[in-house]
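The values are calculated or read from the model by the stated rules, or taken from the named source; none is laboratory data. Predicted, not measured: the structure shown is a model, and the values here were computed from it. Every residue, glycine as well, gets a Cβ built from its backbone with ideal geometry; the counts of neighbours run over all protein chains shown. Side chains included, ligands, DNA and RNA excluded: accessible areas come from the protein's heavy atoms. Shrake-Rupley method; radii C 1.70, N 1.55, O 1.52, S 1.80 Å.
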Amino acid sequence: MSAQHVDVDATRRARDLLGVSRLTNLALTRWTHGLPGVDQVGLEARAGALGTRSIKAASKAWAIDTAISMIDLTTLEGADTAGKVRGLATRALNPDPSDPSTPSPAAVCVYGDMVATARETLGDSAIRVAAVATAFPSGRASMPVKLLDTRDALAAGADEIDMVIDRGAFLAGRYLEVFDQVRAVKDACTRADGSRARLKVIMETGELVTHDNVRRASWLCMLAGADFIKTSTGKISPAATLPVTLVMLEAVRDWRELTGEMVGVKPAGGIRTTKDAVTFLVAVHEVAGPDWLDNHWFRFGASSLLGDLILQRQRIRIGAYSGPDYVAEDAPSIY
Amino acid sequence: MSPRVEVRKTYKLFIGGAFPRSESGRSYAVHAAAGAFLANAALGSRKDARNAVVAARAAFPRWSGATAYNRGQVLYRVAEVMEGRAEQLVAEVAAGEGLTAARAKAVVDAAIDRWVWYAGWPDKLAQVLGGVNPVAGPFFDISVPEPTGVVAVLAPQDSSLLGLVSVLAPVIVSGNTAVVVASEARPLSAITLAECLATSDVPGGVVNIVTGRTAEIAPWLASHRDINAIDLAGAAGSPGVSWAELERAAADNLKRVLRPAGQGADASEPDWLTAPGVERMTAFLETKTVWHPKGR
C-alpha cells in the first residue's frame, strides 16, 4: 500500500501513460473514450445485491465506528454563521456526549471563509478542516478567481481542498481544460513551506448524465493529480448513488493497478442512514479492497448521517432503541 | 358452472399509511374461537415496531398541529367508513371472539358508536381539561392540555374491536400518534380497522398497527426512547408478558404508563361496554401552563 501520494508532474506522467509526445485534447479524448463502457444493468444489479448483505452484530458495531471516523461533517449553506460552524466543530470533537468512546469524524467541511473559525474551534485535535473552493458549487468562475479561492482557504488553515470541475467544459468535450484546471488547483494546494493540502475533486456526477462519463471523469481527475475523487456537491440530485460510487471505486482500483498509487473516494450527498453507510462500506471492501477501509482513503460527505450512526451506536450500547432526543441533531429518518 | 375459486385475504401490517408485510417475512395462522383456520396474519418483529415508531414520530407534528375541529371531522369520517364495513367487522368479531351474529353486531355497533363519541372530543378537551387559573399576582394564568407524543398501545387481547377502539381512539383524539400491537390471537378486525383508517383522511403514520406476539414486541416498545407513553391494556391475559419488566423499561425515559386494573395474572380487561369517561384521554396529555403579565 502506498501510504502517501507521490509528487509527480501530472502532465509528464499523462504523456507517458497516454503514449503521446504532447498532451492534447484529442489525445485525452481518445484515451478516456478508449475506456471500456459501463454495463449499466450489471452495475445496478451489483449495487442492489450489495445492499442485501446480512451484517452481523459485531461487524455492524465495527462498521458504525468506522463510518463515523470517515465522515466529513459538512455545512455548506448560504446561511452558515460562525456560530453554526463552531457548533459543528464542537460536535465533531464530541459526537456523543453520553459516550466519550465515540470516534470523531475525519474532518469538518465548510466554505473557505469559515475555515479559520473551524480551525480555531478544533484547536490541535486530529480532526482536519476541509474547505470547498474554486467557486463551489457551480464552478463558474475564471481560473485566477478559482486559484485565489484555493490559496485563500489554504492560508486560513485548511488541511484539505474540495474543488469542483467545470462540468460544462467536460460535457462539451474540452477534457484538456478540465485536466489543466485540476492540475493548476493541485499546484495551488502547495503551501509556502512546501507541505501540501490533499485535493478532493468533485465531479458532480448528477450532472455528468451517464456512467460512462463518470468513469471518464474519474480517470481524467486521477490523471490530473486528484488525491480524492468525490461524487457531488450535495446541491444536485441525484448525488452519491451506490452505482456511481461503484464506478469510481473500480476506477481507483484500476488506477492502482496501472500506477501503483492509491486515490481516495468520497461519496457525498444523500447518504443519511446507517444502513446506507454500511452498504457503501461493503462496496468499498468488495470493489476497491480492504486497503480503502480507512479514513485516509474513503470519506462520507454528510451532515445528517452522523446522527443516525450515533442512534445506532446507542442502540447497541443500551440494548434499546434510542431517539432523536438523545442526539445533538435534527431527527434522522430511521434508526 | 364450476365453483368459484375462493379469494383469500392476506392480513398485513399497517405502518405509515401503507400495508407492508413483516420485514422478517414471518406470518402466523389465526384461528377462530371454535378452532377453525381463518387466515394468515403477519408476525411482526421488533424492527417492524421500530419502523412504526419512526412513522408515528414523523406524523406527530402534522396531526398534533391540525386544528381540533379538523381532527374531530377526520375521526368522524373513520366511523362513517367503519359503518360501511360493518358486515366484515361483524363476521371477524363473531369468528374471532366466538360470539353469535346478533351479539357480534351489537359489539360492532358499540365500537362504531364509541368512535363517534370520541370524535366529538377533540375540540372539547381544552375547555374541559384546561382553563384559566386564579393566581396571586398580576398574571393571566392559562393551562392547556397538549398531546404527549408517540404512544405505544398494547391492544386488549379478548375484545378485538371494541376494546381496540376504546384504547386507540382516546390516544389519537388529542393529537398523539399511536403504535398499536393488535390482539395476538384475534388480529383480523384490527387490520380491517386499519383499512378504514387508511381510507378516511387520517394521515399516514398517525395510527400504526403491528400484528404478532405481544410478549415479543412489547419489551422493545417499552424500552424505546422515542416513545412518550405506553398503554399496557393488552398485557392483561397475554402469555409471557412481564409487567414489572415493561414498567421498569418504560421508566428509563420517563414514559407515561397506563396499567389495566389488577395485578399480574389477576389483571383483567374492563367491561368495554360501560361508558368510558375521560381517563384514557387524560392519561396521554401534558398540561402546559402559561403565565402572561397583565397591566393594572
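Exactly one residue out of A:281, A:311 is more than 14 Å from every other protein chain (Cβ to nearest Cβ) and crowded, with 17+ Cβ neighbours inside 10 Å: that is A:281.
Take residue A:291 and decide whether it is within 14 Å of chain B (Cβ to nearest Cβ) and assigned to a helix (DSSP H, G or I).
no
Scan the range B:236-245 and give yes if some residue there is open to solvent by 30 Å² or more (accessible area, probe 1.4 Å), among the charged types (D, E, K, R), within 14 Å of another protein chain (Cβ to nearest Cβ) and not in a loop (DSSP other than H, G, I, E, B), otherwise no. Don't jump to the end; show me each part of the working.
To start, the set of residues in the range B:236-245 that are open to solvent by 30 Å² or more (accessible area, probe 1.4 Å) comprises B:237, B:239-240, B:242, B:244-245.
Subset that is among the charged types (D, E, K, R): B:245.
Within this subset, residues satisfying the condition of being within 14 Å of another protein chain (Cβ to nearest Cβ) are B:245.
Filter again for not in a loop (DSSP other than H, G, I, E, B), leaving B:245.
Looking for residues that are open to solvent by 30 Å² or more (accessible area, probe 1.4 Å), among the charged types (D, E, K, R), within 14 Å of another protein chain (Cβ to nearest Cβ) and not in a loop (DSSP other than H, G, I, E, B), one finds at least one in the range B:236-245, hence yes.
Scan the range B:56-64 and give yes if some residue there is open to solvent by 70 Å² or more (accessible area, probe 1.4 Å), of a type in the set (Gly, Ala, Ser) and either over 26 Å from residue B:177 (Cβ atoms) or within 14 Å of chain A (Cβ to nearest Cβ) (or both), otherwise no.
Taking every residue of the range B:56-64 in turn, at least one turns out to be open to solvent by 70 Å² or more (accessible area, probe 1.4 Å), of a type in the set (Gly, Ala, Ser) and either over 26 Å from residue B:177 (Cβ atoms) or within 14 Å of chain A (Cβ to nearest Cβ) (or both).
Residue count for the range A:104-159 satisfying the condition of being part of a strand (DSSP E or B) and either touching a residue at least 60 places away in the same chain (Cβ under 8 Å) or of a type in the set (Lys, Arg) (or both): 5.
Scanning the range A:74-103 for residues that are within 18 Å of residue A:133 (Cβ to Cβ) and either assigned to a loop (DSSP other than H, G, I, E, B) or not polar (S, T, N, Q) (or both) turns up A:75, A:76, A:77, A:78, A:80, A:85. Just one of the listed residues (A:226, A:217) is surrounded by 23 or more Cβ atoms within 10 Å (Cβ to Cβ), in contact with a Leu (Cβ under 8 Å, 6 or more places away or on another chain), at pLDDT 95 or above and assigned to a loop (DSSP other than H, G, I, E, B), namely A:226.
A single entry from B:144, B:153 fulfils the requirement of being crowded, with 22+ Cβ neighbours inside 10 Å and either assigned to a strand (DSSP E or B) or touching a Lys or Arg at 6+ places or on another chain (Cβ under 7 Å) (or both): B:153.
Of everything in the range A:193-214 that's surrounded by fewer than 22 Cβ atoms within 10 Å (Cβ to Cβ) and among the hydroxyl-bearing types (Ser, Thr, Tyr), which residue is farthest from residue A:175 (Cα to Cα)? Among those residues, the one meeting the criterion is A:195.
Conditions (1) within 14 Å of chain A (Cβ to nearest Cβ); (2) touching a strand residue (DSSP E or B) at 6+ places or on another chain (Cβ under 9 Å); (3) among the aromatic types (Phe, Trp, Tyr), marked per residue:
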residue	(1), (2), (3)
B:223	yes, no, no
B:227	yes, yes, no
B:234	no, yes, no
B:251	yes, yes, no
